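The values are calculated or read from the model by the stated rules, or taken from the named source; none is laboratory data. Just so we're clear, the structure is a prediction, and the values are computed from it rather than from any experiment. Heads up, the Cβs are rebuilt from the backbone with ideal geometry, glycines too, and the neighbour counts pull from every protein chain shown.
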């Protein structure tokens, strides 16, 4: 596979107004301050990376955005609405989908079924009608299946369509998880270390998928990633966290030149 | 059979054949493709319309008679249509190997003077754009799958839909154009250019005419009785003559249906869903299938395993005879057992393999192991071998149904003449003969004798029954220092018949003994190691395990015993061998794109290892370079063990 198409040369992709903004978020677990006074924004159609050393608070940040954690202070604005606290169900129905650092799929179910679960919120008919598979339910099921097949095609996992997820290699499971998140047709996609534990080739594939998702569906993406090369290549803007504090924010070029970021990553002599 | 019968419509070129089918069987399915999990089909009349639109689109963009059209991608209906579209305009389609890196493609693009290319997807577009600065002729790249390409600013690229849209408009404005172009076509126009894989030197473009490929296709179809009811799965590279013949030439002559798999990874599933009646695969595909079956059987529950092995025994005793129509030689009990086996084992197995409906399956291009070959035939799949090359339109020899001899490639096909030159080389005259090598009169002269025989470069002989037996490449058949006959490929093939051996490279020309490099098969040996609780970290580590060496040694010694039985070859038994720590790979230039070993290149690259094989060392350190698909390289370092193998005393002549 050749290099992912660098997307600076992509005049068709237009970055819009602010989709999500996080204002002065602080989160503490007892005495441990996971996040302190964090603010940043995410614009429509952009790829926004959150980076930082281990324990910097990156996953906690994502968990605040989709309502798993409730921050003690601060506000989250998504799509013009302001929230003191989000809850995961509300986040999902508003169009925020995510993947997890440790894969959270139904291991015994097929790829197809796993991705189908991502359509749950879009299903209109109830369980009993679905079981009958007639009339409107049939049409609905076919419609969802078509959508899921597009995702399968998109992620190039046709060959494992009916394979139980537990039997698949790690890299492919990650892809399936992305597929399930996409099935919800999210406006904002939160990816928690989508490339962790992958080899170079799998990473390249995943980069291409992330760029393609952004490009094809116009999905806004917030991703956490450790691989600096990846982050610098694919993201439009980067937030840098360290010990729960924001120490940098800007384009990859700006962040790379930022002294505080260099110190956090390379360490400083005390 | 040498003269293609023109038919009632005078269909003597491929595009005319297409229109002929659209007329007489317009409603029958011509091609299928699985997309989004669903098989889509197009009838002959729909295909004719699609081709017409694509052809007119090409014409609107400036594609003219005699120009070449590059085609790059997996087997897709639109790529086959593009081929027909180019032919309809009197152009020459040039399919390229889709997995070749950009730099390899550049040679063909340049050599064939390709200005227009139809490609599958973004991956191929990226490759062509990468070489665009060095390929000034290339002016239009048409893509099938628009994914990821929507926002490319490059003016050279456009979608297939757009091409057809331009075509439909052009067609409306120039109503007689398509028909006129079609009528200008002559049977002796070049219909396709297929590049040889380049085992020696740079690839050469083999030019075939409509007449030659149509003759070959007609001969094949008559030989095996194919018709419009047959189904094939096209999954082999479009640039390969076999696929061109099966999925294009024969499909157009016989009017049968071509099925395109969803992706290269889903071929097995698609095969099962389609159930083709006619199937071709190189030996390694059959081998992989068998390996998979065996691995799955090993994991099955004990009663199933016993049932399987019992009935495979029955099949081995009686299957081949029943297949050959000699059921009368099988005792009644055997026939009954075989019938029971069909019900319990062979039938379900054929179904799992996607071969339930197969009437004829072919293999060729490389030698097939006896066990492998027998396995398929014994479970009721009519697997046969054929012999031919790109230059002969793969129309030389085929094994006739009912008279299959394992060690030959069958009898000459109707219209084919064969002679054996003084040096043992097979020379043929065939209706499927190439016209020439593109822009290479020197190569053409080197391959075709003044009196019109094609020099195959293979050494072999016709047996008393008139069946052709191939030993090796004529130029590779050499001699050891003491004058003993040395046929490296013959030895390599014998080794490769063991499932644990993926590749083998034999050395011995002008030396005092024969030594070999072995490449283990990671799946097979890996599984073997797992069963024994043998821990390994990866390919390099596994390849150098003493247990693995012992395993390979057994294989080598069995080959030696086999060679000892042949009076000509008993002197060329293998004395020493080593297991390479790196898989031989086409990306590193060690194999050709059709996976044949490039012996000379390997000998040069691993000269240190070759030297230590012959000077008696027991191990040797080596750094091997590995090239990744994206062009980066890395090095493998290993201390390679070298072992001696026992030889078997030559068989005494029976008194």
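The table below gives the values:
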{"quantity": "Within region B:84-95, considering residues that are in contact with a helix residue (DSSP H, G or I) (Cβ under 6 Å, 6 or more places away or on another chain) and part of a helix (DSSP H, G or I), the one nearest to residue B:52 (Cα to Cα)", "calculated": "B:85"}
{"quantity": "Any hit, region B:96-107, residues being away from chain A (no Cβ under 14 Å), assigned to a helix (DSSP H, G or I) and under 22 Å from residue B:235 (Cβ atoms)", "calculated": "no"}
{"quantity": "Residue within region B:257-277 that is free of Cβ contacts under 8 Å to residues at least 12 places away in the same chain and either under 29 Å from the mean Cα position of the chain (by Cα) or not assigned by TED's automatic domain parsing to the domain that holds residue B:42 (or both) present", "calculated": "yes"}
{"quantity": "In region A:135-175, the residues that are part of a helix (DSSP H, G or I) and either assigned by TED's automatic domain parsing to the domain that holds residue A:79 or closer than 19 Å to residue A:215 by Cα (or both)", "calculated": "A:147, A:148, A:149, A:150, A:151, A:152, A:153, A:154, A:175"}
{"quantity": "Lone unmet requirement of (1) crowded, with 19+ Cβ neighbours inside 10 Å; (2) within 13 Å of chain B (Cβ to nearest Cβ) for residue A:177", "calculated": "(2)"}
{"quantity": "Some residue of region A:229-251 being in contact with a strand residue (DSSP E or B) (Cβ under 6 Å, 6 or more places away or on another chain), within 27 Å of residue B:34 (Cα to Cα) and part of a loop (DSSP other than H, G, I, E, B)", "calculated": "no"}
{"quantity": "Meets criteria (part of a helix (DSSP H, G or I) and within 23 Å of residue B:509 (Cβ to Cβ)) for residue B:577", "calculated": "no"}
{"quantity": "Qualifying residue in region B:118-137 (condition: touching a strand residue (DSSP E or B) at 6+ places or on another chain (Cβ under 9 Å), within 21 Å of residue B:57 (Cβ to Cβ), away from every other protein chain (no Cβ under 14 Å) and crowded, with 24+ Cβ neighbours inside 10 Å)", "calculated": "yes"}
{"quantity": "Set B:639, B:562, B:566: member being more than 14 Å from chain A (Cβ to nearest Cβ), assigned to a loop (DSSP other than H, G, I, E, B) and modelled with pLDDT under 90", "calculated": "B:566"}
{"quantity": "Residue list for region B:379-391, filter: in a helix (DSSP H, G or I) and surrounded by fewer than 24 Cβ atoms within 10 Å (Cβ to Cβ)", "calculated": "B:390"}
{"quantity": "Tally of residues being over 13 Å from residue A:114 (Cα atoms), touching a helix residue (DSSP H, G or I) at 6+ places or on another chain (Cβ under 9 Å) and away from chain B (no Cβ under 14 Å) across region A:132-170", "calculated": "8"}
{"quantity": "Any hit, region B:227-241, residues being more than 14 Å from every other protein chain (Cβ to nearest Cβ), out of contact with any helix residue (DSSP H, G or I) (no Cβ under 8 Å at 6 or more places or on another chain) and closer than 26 Å to residue B:45 by Cβ", "calculated": "yes"}
{"quantity": "Filtered residues of region B:34-69 (kept if more than 14 Å from chain A (Cβ to nearest Cβ) and assigned to a strand (DSSP E or B))", "calculated": "B:41, B:42, B:43, B:68, B:69"}
{"quantity": "Region B:108-137, residues that are part of a loop (DSSP other than H, G, I, E, B) and either in contact (Cβ under 8 Å) with a residue 40 or more places away in the chain or not assigned by TED's automatic domain parsing to the domain that holds residue B:195 (or both)", "calculated": "B:112, B:113, B:114, B:115, B:120, B:121"}
{"quantity": "Region B:141-161: number of residues that are part of a helix (DSSP H, G or I) and either touching a strand residue (DSSP E or B) at 6+ places or on another chain (Cβ under 8 Å) or facing another protein chain (nearest Cβ under 10 Å) (or both)", "calculated": "1"}
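Results for (1) assigned by TED's automatic domain parsing to the domain that holds residue B:623; (2) modelled with pLDDT of 90 or more; (3) out of contact with any helix residue (DSSP H, G or I) (no Cβ under 8 Å at 6 or more places or on another chain), shown as yes or no for each residue.
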{"site": "B:489", "(1), (2), (3)": "yes, no, yes"}
{"site": "B:502", "(1), (2), (3)": "yes, yes, no"}
{"site": "B:517", "(1), (2), (3)": "yes, yes, no"}
{"site": "B:520", "(1), (2), (3)": "yes, yes, no"}
{"site": "B:538", "(1), (2), (3)": "yes, no, yes"}
{"site": "B:570", "(1), (2), (3)": "yes, no, no"}
{"site": "B:573", "(1), (2), (3)": "yes, yes, no"}
